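Visitor: Take a look at the following structure, please.
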Amino acid sequence: MGRSPERHLDEAVPARQPGGEIPALLRHYRWIELTHIDEYVRMGLMGEEAAARIRRAVLDLTPEELGTGRAAGSDPLPALEMCVQARLPEGAYAWHVDRSRNDVRACARLMLGRERLLETAAAVSGLARTALEAASGHTESIMPACSRRRTTQTITFGFYLAALAEAATGAAESFHALFDAVNLCPLGAGALAGLELPWDRARIALALGFDGPQPHALTSVASQAWALRSAAELSVLGTTLSRFLTDLIGWSGPGCRFVDLPGGTAGAPAAPYEGDAAVLERIRGLAGQLVGLSHDVMTGQRVTGYTDLVEAAGEGPGHLEDLFATCGTMLALFDRVVAGLRFHPERAGRAVRGELTAFLTVANHLTLEHGVPAGTAQAIVGSWISAAAEGIGAAEALTPDRLSAAGLVAAGERHGFALAVEEAGVRELLDAEAGVRRKQTGGSTRPEEVRLLLEQIGERLMAVDVGAAQRSGWLREAWEHTTGTKPGDPS
């Protein structure tokens, strides 16, 4: 193999670079400027012809013009204002009267943030669909599930991937819910205490794609709650996906090799930099960065006064943009891994068949079929296993084939119960595939229940798609309405 899986993924999924906030903010500053112009016309402070010329100047500005004399990476708002100022027509004396940069900046950053929420929801729902598709082919592929590093249950790989799909679907739903919760317009709040002209904040909010105005002026420019809540959601997502990645790292490594990756080398000797674990470790590292960057966003606000708008608008937004960029890269890589993941059912099945996973199954059988009290039944099974372990050498492993009906009868006698069990019945109780099908509760690893789960998750993803289209369509319509032809525009 000429390239490592990590390099292959690097080339296939280029990382979205941090620092993308500046050009994205410029679009929102234009949008806000156009909305302000419409309000000046409505209030009778600007004629339609002058408004049309300013609108044209705002829309025609190029990034090169705005970059002249401006430090790289700096806020483009002052440059935009200077460029428009140089093009003001006669009769536009009221342009920028009763205006503050505080609510403009707060509004533009929130507008960028809500777009990032929709982008992230789309990416994580894509991961959910990929996991859903992969799960559908493994609803009967058994494997061991571990608790405290010991195999304690038999599950299917489809059941496991359904959990990943459900977690990703829930994250997409949470991002949409957060979009709805924070989609209130800060514009019109002024510096922090409101404005003096009769700005129609409800009309402004509608023009900018918001559900309505943020009721409190100080909250509008000071709270940063939307940024903190976004960071929290990203941190939860990173933590959750990191745990799934930890499982895959273990299952692709020496001693398991249940899975390997697209172009990966599991199952064959590999240099450390070429192993599947290196790819998974890298993605898990990105997930960990989400937690760290989220902490940075929180820390940047924790000791900042609520009216200290200079500090509140400092590093936090930049960290948040880094958060979204890192999350986008992580989700793209994870999606690619899941899409190409190869599961080896023969290895996983062999591993789980060699483990004692039916402890509770046998105990339940003793209680339900032989009338043994539940606590005593568990003690009998424990005694049965201990006696079998004593009968083998220290270097040998205790596997289900070492357990017998005669040993279970003897364990029952030690606890005062005469058990009528046969070897065929014990073998059925210890059978791993039968154990999966024995589950009865909803949401279990039983193949029929997994298929039902996958169907339900698919329905939720369809609802996510509908919600995404509605929200994106609302923003697109608001932008097109604000930038469309207005009275006084050249024909």
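Visitor: For region 298-311, does any single residue satisfy the condition of being of a type outside the set (A, V, I, L, M), surrounded by 17 or more Cβ atoms within 10 Å (Cβ to Cβ) and either modelled with pLDDT under 75 or within 27 Å of the chain's Cα centre (by Cα) (or both)? Talk me through it step by step, then tell me what you get.
Guide: Taking region 298-311 as the starting set, the residues that turn out to be of a type outside the set (A, V, I, L, M) are 299-302, 304-308, 311.
Filter once more, so that each one left must be surrounded by 17 or more Cβ atoms within 10 Å (Cβ to Cβ): 300-301, 304.
Now drop any that are not either modelled with pLDDT under 75 or within 27 Å of the chain's Cα centre (by Cα) (or both), which leaves 300-301.
Yes, some residue in region 298-311 is of a type outside the set (A, V, I, L, M), surrounded by 17 or more Cβ atoms within 10 Å (Cβ to Cβ) and either modelled with pLDDT under 75 or within 27 Å of the chain's Cα centre (by Cα) (or both).
Visitor: Residues to consider are L77, L110, L117, L88; find the one that is crowded, with 23+ Cβ neighbours inside 10 Å and more than 23 Å from F334 (Cβ to Cβ). Give the steps one after another, and end with the answer.
Guide: Working: L77 fails: crowded, with 23+ Cβ neighbours inside 10 Å; L117 fails: more than 23 Å from F334 (Cβ to Cβ); L88 fails: crowded, with 23+ Cβ neighbours inside 10 Å.
One residue alone meets the criteria, L110.
Visitor: Within region 186-208, how many residues turn out to be within 22 Å of A469 (Cβ to Cβ) and surrounded by 23 or more Cβ atoms within 10 Å (Cβ to Cβ)?
Guide: Going through region 186-208, the residues within 22 Å of A469 (Cβ to Cβ) turn out to be 205-208.
Adding the requirement that they be surrounded by 23 or more Cβ atoms within 10 Å (Cβ to Cβ) leaves 205, 208.
Qualifying residue count, region 186-208: 2.
Visitor: So A205 clears everything in (1) assigned to a loop (DSSP other than H, G, I, E, B); (2) out of contact with any helix residue (DSSP H, G or I) (no Cβ under 8 Å at 6 or more places or on another chain); (3) on the phi < 0 side of the Ramachandran plot except one condition, right? Which one?
Guide: A205 satisfies every listed condition except (1).
Visitor: Where in region 3-68 are there helices (runs of 4 or more DSSP H), lying fully within it, with 3 or more residues that are modelled with pLDDT of 85 or more, assigned by TED's automatic domain parsing to the domain that holds L117 and under 21 Å from A86 (Cβ atoms)?
Guide: Values: elements: 5-12, 21-42, 48-60, 63-67.
Of the helices (runs of 4 or more DSSP H) lying wholly inside region 3-68, those with at least 3 residues that are modelled with pLDDT of 85 or more, assigned by TED's automatic domain parsing to the domain that holds L117 and under 21 Å from A86 (Cβ atoms) span 21-42, 48-60.
Visitor: Taking A410, is it out of contact with any Asp or Glu (no Cβ under 9 Å at 6 or more places or on another chain), part of a helix (DSSP H, G or I), small (G, A, S) and closer than 26 Å to V259 by Cβ? Explain how you work it out, then say what you get.
Guide: Details: out of contact with any Asp or Glu (no Cβ under 9 Å at 6 or more places or on another chain): yes; part of a helix (DSSP H, G or I): yes; small (G, A, S): yes; closer than 26 Å to V259 by Cβ: no.
Answer is no for this residue.
Visitor: Would you point out the residue of region 146-185, among those that are in contact with a Cys (Cβ under 9 Å, 6 or more places away or on another chain) and over 25 Å from A225 (Cβ atoms), that is surrounded by the fewest Cβ atoms within 10 Å (Cβ to Cβ)?
Guide: Let us first name the residues in region 146-185 that are in contact with a Cys (Cβ under 9 Å, 6 or more places away or on another chain), namely 152-153, 185.
Then drop every residue that is not over 25 Å from A225 (Cβ atoms), which leaves 152-153.
Numbers: T152: 14, Q153: 19.
Among those residues, the one meeting the criterion is T152.
Visitor: In region 355-373, which residues are outside any helix (DSSP H, G or I) and over 16 Å from A434 (Cβ atoms)? Give the steps one after another, and end with the answer.
Guide: Filtering region 355-373 down to residues outside any helix (DSSP H, G or I) leaves 355-358, 371-373.
G371, V372, P373 - these are the residues of region 355-373 that are outside any helix (DSSP H, G or I) and over 16 Å from A434 (Cβ atoms).
Visitor: Take the residues in region 210-230 that are crowded, with 22+ Cβ neighbours inside 10 Å and either among the β-branched types (V, I, T) or not in a helix (DSSP H, G or I) (or both), then tell me which one is modelled with the lowest pLDDT. Full working, then the answer.
Guide: Here is the first cut: in region 210-230, the residues crowded, with 22+ Cβ neighbours inside 10 Å are 210, 213-214, 220-222, 224, 226-227, 230.
Checking which are either among the β-branched types (V, I, T) or not in a helix (DSSP H, G or I) (or both) leaves us with 210, 213-214, 221, 224.
Numbers: F210: 97, P213: 97, Q214: 95, V221: 91, Q224: 86.
Among those residues, the one meeting the criterion is Q224.
Visitor: Here are V421, V450, V436: which of them is of a type outside the set (F, W, Y) and either assigned by TED's automatic domain parsing to the domain that holds A135 or in contact with a Pro (Cβ under 8 Å, 6 or more places away or on another chain) (or both)?
Guide: On the way: V421 fails: either assigned by TED's automatic domain parsing to the domain that holds A135 or in contact with a Pro (Cβ under 8 Å, 6 or more places away or on another chain) (or both); V450 fails: either assigned by TED's automatic domain parsing to the domain that holds A135 or in contact with a Pro (Cβ under 8 Å, 6 or more places away or on another chain) (or both).
V436 is the lone residue from the list that is of a type outside the set (F, W, Y) and either assigned by TED's automatic domain parsing to the domain that holds A135 or in contact with a Pro (Cβ under 8 Å, 6 or more places away or on another chain) (or both).
Visitor: Report, by residue number, each residue of region 368-401 that is in contact (Cβ under 8 Å) with a residue 24 or more places away in the chain and surrounded by 15 or more Cβ atoms within 10 Å (Cβ to Cβ). Full working, then the answer.
Guide: At the first step, the residues of region 368-401 found to be in contact (Cβ under 8 Å) with a residue 24 or more places away in the chain are 370, 372, 376, 379-381, 383-385, 387, 397-400.
Residues satisfying the conditions are H370, V372, T376, A379, I380, V381, S383, W384, I385, A387, L398, P400.
Visitor: Here's a check for you: in region 135-178, which residue that is of a type in the set (G, A, S) and in contact with a Gly (Cβ under 8 Å, 6 or more places away or on another chain) is farthest from E459 (Cα to Cα)?
Guide: Initial filter on region 135-178 (of a type in the set (G, A, S)): 135-137, 141, 145, 147, 158, 162-163, 165, 167-168, 170-172, 174, 177.
Still in the list and also in contact with a Gly (Cβ under 8 Å, 6 or more places away or on another chain): 135-137, 141, 158.
Working: A135: 15, S136: 15, G137: 18, S141: 24, G158: 18 Å.
Among residues in region 135-178 that are of a type in the set (G, A, S) and in contact with a Gly (Cβ under 8 Å, 6 or more places away or on another chain), the one farthest from E459 (Cα to Cα) is S141.
Visitor: Let me ask another. When residues of region 380-396 are filtered for being in a helix (DSSP H, G or I) and charged (D, E, K, R), how many remain? Steps first, please.
Guide: Quick first cut of region 380-396, residues in a helix (DSSP H, G or I) only: 380-390.
Next cut, charged (D, E, K, R) only: 390.
Going through region 380-396 one residue at a time, the tally reaches 1.
Visitor: Need pairs with beta-carbon distance below 9 Å; first residue on the phi > 0 side of the Ramachandran plot and within region 222-250, second outside any helix (DSSP H, G or I) and of a type in the set (S, T, Y); sequence gap 6+ or separate chains.
Guide: From region 222-250, the pairs are Q224/T304.
The values are calculated or read from the model by the stated rules, or taken from the named source; none is laboratory data. Please read all numbers here as calculations on a predicted model, not as lab measurements. Glycine gets a Cβ as well: all are built from the backbone with ideal geometry, and neighbour counts include every protein chain shown.
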